[in-house]
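Please read the structure below before turning to the comments.
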Amino acid sequence: RLGPVVVKGDHFYTGDRRIRFWGVNLAFSACFPTHDQADRLALRLSRFGINAVRLHHMDMFKFPNGIFADDALESLSDQSLDRLDYLISALKKQGIYSDINLHVSRTWSKAHRLPNADKLPESMDKTVNLFHPDIIRADKRYARDLLTHVNKYTAQPYTAEPAVCMVEINNENTIFLWGGEQKLATLPEPYAGMLKGRWNQWLASKYPTRDALAAAWNRDAIPLGQDILLRDKWIIEQHDSARMTHDATAGRHILKIGAVDGTHWHLQFNQQNVAVTKGRFYTLTFTATADKDQTITVNLTQAHQPWGNLGLAGSAKVSTRPRQFRFGFVGSADDTNARVSFIVGQQVNTVTFTDLQLRPGGQEGLGDSEDAAKQTVAPHKPGDGVTPARSADWYDFLQRLDESYFVDFRNYLRDDLKLQAPVTGTIGLGPLGTLSQSKMDFVDAHAYWDHPDFPNHDWSPRNWTIRNKPMVDNPVGATLWPLAATRVAGKPFTVTEYNHAAPNEWQAGCVPMIATFAALQDWDAVYLFAYSHSNQFEKDHVSSYFDLEGNWAKMASMPLGARIFLSGNVPPLAAQRTLSVTRQQIYPFASASFYNIWNFIRAAHPDLDWRSFLSERFALRFDGQPTTADHPSQPVLPLAWTANGPGTGRYTLATPAAAVFTGFAPGAPVALGSVQLEQLKTPFASILVTPADPASTIDDADRLLISAVARVENTGEQWNPQRTTISTNWGTAPPRIEVVNATLRLPHDYSVHPLDGAGKPLREFQTTNCTLHLGDVPTLWYELVRLKH
């Protein structure tokens, strides 16, 4: 109604009004409902406070599960377009915006039988479609065909549709992808040759002669020193039900892994009391074999709290053939009690190590046979012991390659197709990937708590595990801090995928924690992932790890999360820190923080930890302006998080417009501003209290809304003995929902209306002496009407 969504400074606007987005994702066939389904879906989402839908995974399949009409995955299906058009028009009628993802999961290389496409280390054309010219052209054609298509129900092309709030170029796809260093090093031909060619061209353009390149790279070459490891000091570390044995003979270490529990780090082989020096280069070398192929994690970390990384975070793919591994790294801090650690708990196996050595030095510059003009300079591989100048050039090349792809594609959308919606490239991964995304219209990030782990085969419906731990008990490892560390000053910041995955028993903390934290950090969009992965809507039980529909641990809180995040009544934290970062500051940490920007922040700025984000807003800047810290007086901080072990975590928000509690309360009462949690008999709960009128406060509101959610599982859901997986035993309807039994102290007396699933009153009673007992009526929702005296 007010015109297109635009970017003004740090935020999104429509007309002269700032706008935030509280959204959900639709994936695969969910993007292509029938017309009747689309009308019902749009109305339902609107009633839950949702004002944006991210259209995701449209590009993997043919109709009816995808947008294409042919096996070549090029021609758009008329049926798919009709359904998509109608869905977007139905959402628009309800005031709900659409967020269009372009490339997500199309594997154009396989559909067109490109050489060795089946041997690429990453699926869905990820990484290679950032530099392969044929795939880039195909992705641009798809963007043109989709975005310039005229929606017959709104009479607008998507390039000019004001109900399209944003467009994403390439979902979770950057040079700085998870495991990206190792995957770049294992690209098959011709992709490896393409990347090597680009690398040599870049070097030749930067250095006029081979002598100039050699002078720059060889200046800090350092020979290898003496081994600082002790042969007989290796130990094994076991946790929970994971088990292995260690046999050491004449420098040969045989690890027989007898049982794993789905958490890789529960089995470790390490040596402690290793002394490392900040800024010094080290080289770790070893030879390894295994009975079965396995990728193990190699780290150098503190052997004490807070277990921080000290410069080495890599992986080694071991197999039945002996292979020598070499990892070069720079110590990120002084520590006399570091540990070299191999994480081996991925699968039952036998892994053998020999020739384990950690030596200072080992940095090499330009090889005798290398010459950029002859295209013979080798790409950097994880663990290569190279000089700082060679390493810096490699990461500089990768970042500029990454950035050039996204800037070129965004310019194509903006200049050639005349797209008016704001554009982002992908999520910010690592400091260098986030630097690339700082050139987009806005910056995006994703996070999941307790995402399922698939030890043997990705997305196996049978063989998967979770930790099944509450995030509220583990603030140090929480999802929120890496998200906050990805925000870039001067740009809107969005989180377009977020979830605490089912069947985690504590997943009810998902909505209250992300809604409140995002409001306090003044972010611009939060999308839960996902509403549905199919067009079978109106689910009556929990059906998957991520779908909200049918999962009342999350759906019950969504309307109140919308009130908290969209209303603006939970004001941003008064204090703000903007951290200035340069390329040169990133390069020493580029490998250890390749895809993890939070690792970089903690290593480069040890004065910052998770507690900083409870009291101040945070953003990065890459524009050369100085770091700033603005800390105006804020007598009472609204957010608090405490945890002292399992079953003690407590996350609370206390503002005039919202009272939120999630966690455990064995030591109640808990003050929540105008509300007090006097007693919680249920072991765990998420309780949200907001005014029904967004212009009111809890103190002066005529009506209050309350959601109270604990644990949820399906009838017949079956856990394994460790309660880390239910495999395929998800159970059936109806869902079994734990009733929250609690006592709240409120500012006034109220007429209380417990509500059913449709939001209709079940019965009525009154509070006494401003005290409300939750749990006498089995419900997730309450409406309170203030009594007039």
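The values are calculated or read from the model by the stated rules, or taken from the named source; none is laboratory data. All of these numbers come straight from a predicted model, not from anything done at the bench. Note that each Cβ is placed from the backbone with ideal geometry, even for glycine, and that neighbours are counted across all protein chains shown. Ligands, DNA and RNA are stripped out before the accessible areas are found, and what is left, the full protein with its side chains, is counted by its heavy atoms. Shrake-Rupley method; radii C 1.70, N 1.55, O 1.52, S 1.80 Å.
To put it simply, the accessible area of region 87-164 at a 1.4 Å probe is 48 percent carbon and sulfur.
Ligands, DNA and RNA left out, the accessible area of region 593-726 computed with a 1.4 Å probe is 49% carbon and sulfur. Using only the Cα atoms of region 603-653, build the gyration tensor, take square roots of its eigenvalues as a ≥ b ≥ c, and label the shape rounded, prolate or oblate: rounded if a/c is under 1.5, else prolate if a/b is larger than b/c, else oblate. Oblate, since a/c reaches 1.5 and b/c is not below a/b. Heavy-atom accessible surface of V6, to the nearest 10 Å², is about 50 Å², with a 1.4 Å probe and all protein chains retained.
A 1.4 Å probe run over the protein chains yields, for region 220-278, 58 Å² of accessible area per residue, whole-number rounding. Total lysine pairs in region 177-311 at Cα distances under 24 Å, for residues eight or more apart or on different chains: 6. Could you list the GluC sites (Glu not before Pro) in region 138-190 that lie in coil according to DSSP, counting only those with at most 12 other Cβ atoms within 10 Å of their Cβ? Of the GluC sites (Glu not before Pro), not one in the loops of region 138-190 has a Cβ with at most 12 other Cβ atoms within 10 Å. Dipole magnitude for the chain: computed about the Cα centre from +1 point charges on Lys and Arg Cβ and -1 point charges on Asp and Glu Cβ, it is near 440 debye. At each listed q (0.14 Å⁻¹), what is the log10 of I(q)/I(0) that the Debye formula gives for region 188-230 modelled as equal alpha-carbon point scatterers? Once normalised to I(0) and log-transformed, intensities are -0.57. Counted as membrane-span-like here are DSSP H helices of the chain whose alpha-carbon atoms extend 15 Å or more along the helix's own axis and whose Kyte-Doolittle mean is 1.0 or above; these are 510-521. Candidate cross-link partners of K92 among the lysines, defined by an alpha-carbon separation under 19 Å and a same-chain spacing of 8 or more, comprise K152.
Shape analysis of region 63-168 places it in the prolate category; the axes a ≥ b ≥ c from the Cα gyration tensor give an a/c of at least 1.5, with a/b above b/c. Accessible surface for region 650-789, divided over its residues, is 43 Å² per residue with a 1.4 Å probe. Of the whole protein surface, T354 contributes about 30 Å² of accessible area at a 1.4 Å probe radius. The residues of region 427-524 have, on average, 22 Å² of accessible surface per residue, using a 1.4 Å probe with all protein chains present.
Heavy-atom surface analysis with a 1.4 Å probe gives region 330-461 a carbon and sulfur content of 47 percent of its accessible area. Within the straight-line cut-off of under 19 Å between alpha carbons, the aspartates and glutamates reachable from K439 are D10, E168, E172, D396, D402, E403, D408, D415, D416, D524, D623, sequence neighbours fewer than 8 places apart in one chain being disregarded. Taking chymotrypsin sites (Phe, Trp or Tyr not before Pro) across region 454-521, the ones in a DSSP loop with at most 12 further Cβ atoms lying within 10 angstrom of their Cβ are W459.
Of all aspartates and glutamates in the structure, the ones whose alpha carbon falls short of 13 Å from that of K539, not counting any fewer than 8 places away in one chain, are D547, E549. Which shape class applies to region 636-789: rounded if a/c is under 1.5, otherwise prolate when a/b exceeds b/c and oblate if not, where a ≥ b ≥ c are the square roots of the Cα gyration tensor eigenvalues? Oblate.
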